[in-house]
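Following: one structure in structure tokens, then a few remarks.
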Protein chains: 2
Amino acid sequence: MKNPLLIYLFLSSFVAMAQVQTNNLKINQQRIQNRLLELSKIGELPNGGVSRVAYSKADQEGRAYLMGLMKKAGLAVSIDYAGNIIGRRKGKNPALKPIAFGSHIDSVPNGGNYDGPVGSISGLELVETLNENNIVTEHPLELIIFANEEGGTVGSGAMIGKITPTALKSVTQSGLTIADGIRAIGGNPDSLPKMVRKKGDLTAFIELHIEQGGILMTQNQQIGVVEGIVGIEDWEVTIEGAANHAGTTPMDIRRDALLAAAKLIVALNEVINSHEGRQVGTVGKIAVEPGAYNVIPGKVVLGMEIRDLSYDKIWKLFREVESKAREIAKASETTITFRQPFVPVTPALTAKPIQDKIIGAAKALGFSYRYMQSGAGHDSQEMAQIAPAGMIFIPSVGGISHSPKEFSKGVDIGNGANVLLQTLLALDRD
Amino acid sequence: MKNPLLIYLFLSSFVAMAQVQTNNLKINQQRIQNRLLELSKIGELPNGGVSRVAYSKADQEGRAYLMGLMKKAGLAVSIDYAGNIIGRRKGKNPALKPIAFGSHIDSVPNGGNYDGPVGSISGLELVETLNENNIVTEHPLELIIFANEEGGTVGSGAMIGKITPTALKSVTQSGLTIADGIRAIGGNPDSLPKMVRKKGDLTAFIELHIEQGGILMTQNQQIGVVEGIVGIEDWEVTIEGAANHAGTTPMDIRRDALLAAAKLIVALNEVINSHEGRQVGTVGKIAVEPGAYNVIPGKVVLGMEIRDLSYDKIWKLFREVESKAREIAKASETTITFRQPFVPVTPALTAKPIQDKIIGAAKALGFSYRYMQSGAGHDSQEMAQIAPAGMIFIPSVGGISHSPKEFSKGVDIGNGANVLLQTLLALDRD
């Protein structure tokens, strides 16, 4: 066949056949479930939950378990300076930048068995499905198991050059500092600057994750197409009044810090609810001094946060809260001050072309889907700073997470893993 | 003189002379101040305050100091089974029941030097003034220094038979149980039932005390005539919602226990302020679970109290709060439950005839005065259950008490001691 047209038609029929073949490719749901169960034994709690906090003994055991499976699956496994586990699989075209995917296996204390493990084990499953079907992608692939996601996306943060020497000194749930924790899992905190990836180093990053909210479940939908991961601004709010005797101080001369704080908590809720959109605002923490039945509170410290996909909207809402706070402070003769003790989390948008491929995969597989935002932080949030990122959500039963009661059904996990696989294959075809 | 009329006129001129004499009697203000200063050295803190918590080493030293002075003043000093110090002075008519007066010298941790000591040292001063003027009253007198007032009027409670075997086991600020504390100051907790006084055992009980509020000072008045000591009802309020992720849980499906608690705190304040009167209501304590920036609070426990001179009014106010709580719970899909973990304090009214004598004394001495209620608990509250009771307040600078900043001016203390003396003499004349 010297006729270029014939050659083209001949070759494209192979491409079409291959595409049909890969379109029919299915992951092994039972294998994912078995491995989630095996992993859940590492750091298992009597209540059915798990404590596999980053850098702990259980985390180390979990990592060893997964690295064993990754090696068996033929991946070239290495640990980077931040302790991230990276499993590489060669592509046909070594000139192409890798497509990366993955999640994390560390947990919060007294956590569950799905947040992190679902995306990690499904990533491995994807590799094995390709292996079993003798498929070699055009792009090299990287399965990344990020270190210490729950302690503030430390591993992915290091990958984009965000972890400061100061942050390395902070103590983690394991009892170790981040620096010592990184050493405990085979990294080297002194070399973090050497591992930083730049824009263009990856073709894409995709993460499959449980929703950690109740939207997919209550709306009876199978796949969440994440448009972005919300930004988070935290404020430590200090309200100072005057502590005084709860019996002898008449109501009209009190400077009750807790009463002012209560009004501020209500005001935050009203401000957040008075605008259209999916923004959320929470006061999750409160401490009162002196804190006795018979003493009017003199000082209250609140932990407050606002999240939204838009940085500007977060600050617009905060300015309204601040204005309400001024009114409350004036009326109650208290002072209310706001301080931001933590590094804010920047909102991160996922890449539209990847969203489209996730939707294409969901449609082709016959799954219902909806756009949504992620209210929680994820490694994808960091990775979105240097690569086109995509994120796939599956339903969380009861919307519960960070709890031993966290649960996602096997069939939903399988659906998510199949969407992950087809999205990756579609990206690879580009 | 056999003419009965002449005899009558002759004798009544002596009575009139004696009354003129006692009306001119004045305490020695400087001596009171000197002794307050001496007592303040026992348990002194670097910040100028004092920690002389009941049963502690400092309390024991303070008691020894005072007992020494009481003995020097010729009182027959004994310690009862509850550790109360009782100094007896004979009267002309041993058939009459004693007139008692006094206060306490124990303090709160990090407390001040006036709450308790003012009434105790002034009581001693009264005895010395009588001694120096060779006055023997008709009634026997008792100067009582009550043990452990700050820990819940334990000494006076024991005197009226209120201290239960269970209460004896509770641990005090000294680290000792009440039972062991009583032993440490020379009492015997096993014999408390033997010391109980009955109605009629005392002619009267009078207590001089600092106001612990800012009313006398801000209204520029010298003497407070206490109409009664408020009752206190405490509630532990538990609000249960659902802890959930602060990022992934939309505002409209939250069951935020802290938001509901905040609304309840505001509602309590509104209910208390919506009625005429001097009632007070306070939330002084709050604990939230799990208590993190990024978790919607699932559970809140509040410490709430309402005080008033009328028991019925306290409960009327509480019923209104309870009704608001039902509305809040319904709207927020939380549950709100009220529990009373402590023994309520019953309102105690002082005796009208004693109030009149206090006013008579204040007028005769040229002092401004006003009726008021005591918002704080006092030994007088217990004593009012078995004897006609009276209570005299003097101004607290800034309304501050239970604090190292607690202060009353020497002249105000002197005024109060003179009113105490004249009230006692008037009672003795009855």
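So which residues in segment B:80-112 are buried (at least 18 other Cβ atoms within 10 Å of the Cβ) and among the aliphatic types (A, V, I, L, M)?
B:Ala82, B:Ile85, B:Ile86, B:Ile99, B:Ala100, B:Ile105, B:Val108
Can you find even one residue in segment A:379-388 that is within 27 Å of A:Asn28 (Cβ to Cβ), in contact with an Asp or Glu (Cβ under 8 Å, 6 or more places away or on another chain) and among the hydroxyl-bearing types (Ser, Thr, Tyr)?
Scanning segment A:379-388 turns up at least one residue that is within 27 Å of A:Asn28 (Cβ to Cβ), in contact with an Asp or Glu (Cβ under 8 Å, 6 or more places away or on another chain) and among the hydroxyl-bearing types (Ser, Thr, Tyr).
Assigned by TED's automatic domain parsing to the domain that holds A:Val53, within 19 Å of A:Ser40 (Cα to Cα) and assigned to a strand (DSSP E or B) - does that describe any residue in segment A:121-141?
no
Just a yes or no: is a residue in segment A:315-336 at the interface with chain B (Cβ under 9 Å from one of its Cβ atoms), outside any strand (DSSP E or B) and surrounded by fewer than 18 Cβ atoms within 10 Å (Cβ to Cβ)?
no
Being under 19 Å from A:His139 (Cβ atoms), surrounded by 24 or more Cβ atoms within 10 Å (Cβ to Cβ) and assigned by TED's automatic domain parsing to the domain that holds A:Pro98 narrows it down to one of A:Ile386, A:Ile392, A:Ile413, so name that one.
A:Ile392
When you go through (1) touching a strand residue (DSSP E or B) at 6+ places or on another chain (Cβ under 9 Å); (2) within 22 Å of B:Glu233 (Cα to Cα); (3) assigned to a helix (DSSP H, G or I) one by one for B:Leu427, which number turns out not to apply?
Checking B:Leu427 against (1) touching a strand residue (DSSP E or B) at 6+ places or on another chain (Cβ under 9 Å); (2) within 22 Å of B:Glu233 (Cα to Cα); (3) assigned to a helix (DSSP H, G or I), the one that fails is (2).
In segment A:279-295, what residues are in a loop (DSSP other than H, G, I, E, B) and either within 7 Å of chain B (Cβ to nearest Cβ) or closer than 22 Å to A:Thr249 by Cα (or both)?
Within segment A:279-295, A:Pro290, A:Gly291, A:Ala292, A:Tyr293, A:Asn294 qualify.
Name every residue in segment B:253-278 that is within 8 Å of another protein chain (Cβ to nearest Cβ) and either of a type in the set (Ser, Thr, Tyr) or without any contact (Cβ under 8 Å) to a residue 24 or more places away in the chain (or both), in order of residue number.
B:Ile253, B:Ala262, B:Val266, B:Asn269, B:Asn273
Among the residues of segment A:238-264, which ones are surrounded by 23 or more Cβ atoms within 10 Å (Cβ to Cβ) and β-branched (Val, Ile, Thr)?
Result: A:Ile239, A:Thr248, A:Thr249.
For the subset of segment A:368-391 comprising residues that are assigned to a strand (DSSP E or B) and hydroxyl-bearing (Ser, Thr, Tyr), which member is nearest to the other protein chains (Cβ to nearest Cβ)?
Among residues in segment A:368-391 that are assigned to a strand (DSSP E or B) and hydroxyl-bearing (Ser, Thr, Tyr), the one nearest to the other protein chains (Cβ to nearest Cβ) is A:Ser374.
When you go through B:Val343, B:Val301 one by one, which is the residue that is hydrophobic (A, V, I, L, M, F, W, C), surrounded by fewer than 21 Cβ atoms within 10 Å (Cβ to Cβ) and more than 12 Å from every other protein chain (Cβ to nearest Cβ)?
Selected residue: B:Val343, the only one of B:Val343, B:Val301 that is hydrophobic (A, V, I, L, M, F, W, C), surrounded by fewer than 21 Cβ atoms within 10 Å (Cβ to Cβ) and more than 12 Å from every other protein chain (Cβ to nearest Cβ).
Considering every residue within segment B:316-329, establish whether at least one is in the same structural domain as B:Arg255 (by TED's automatic domain parsing) and either polar (S, T, N, Q) or closer than 21 Å to B:Lys162 by Cα (or both).
yes
Only one of (1) over 30 Å from B:Leu216 (Cβ atoms); (2) more than 7 Å from every other protein chain (Cβ to nearest Cβ) fails for A:Ala243. Which number is that?
It is condition (1) that A:Ala243 fails.
List the number of the failed condition for A:Val230; all other conditions in (1) within 21 Å of A:Asp412 (Cα to Cα); (2) of a type in the set (A, V, I, L, M); (3) facing another protein chain (nearest Cβ under 10 Å) hold.
Only one criterion is unmet by A:Val230, namely (1).
Are any of the residues in segment A:202-214 in the same structural domain as A:Met67 (by TED's automatic domain parsing), more than 22 Å from A:Leu124 (Cβ to Cβ) and outside any loop (DSSP other than H, G, I, E, B)?
Checked against the condition, which is being in the same structural domain as A:Met67 (by TED's automatic domain parsing), more than 22 Å from A:Leu124 (Cβ to Cβ) and outside any loop (DSSP other than H, G, I, E, B), segment A:202-214 yields no hits at all.
Need pairs with beta-carbon distance below 8 Å; first residue within 26 Å of B:Gln385 (Cα to Cα) and within segment B:331-347, second of a type in the set (Gly, Ala, Ser) and in a loop (DSSP other than H, G, I, E, B); sequence gap 6+ or separate chains.
B:Val345/B:Gly377; B:Pro347/B:Ser310
The values are calculated or read from the model by the stated rules, or taken from the named source; none is laboratory data. Everything quoted here is computed from the prediction, not taken from an experiment. Heads up, the Cβs are rebuilt from the backbone with ideal geometry, glycines too, and the neighbour counts pull from every protein chain shown.
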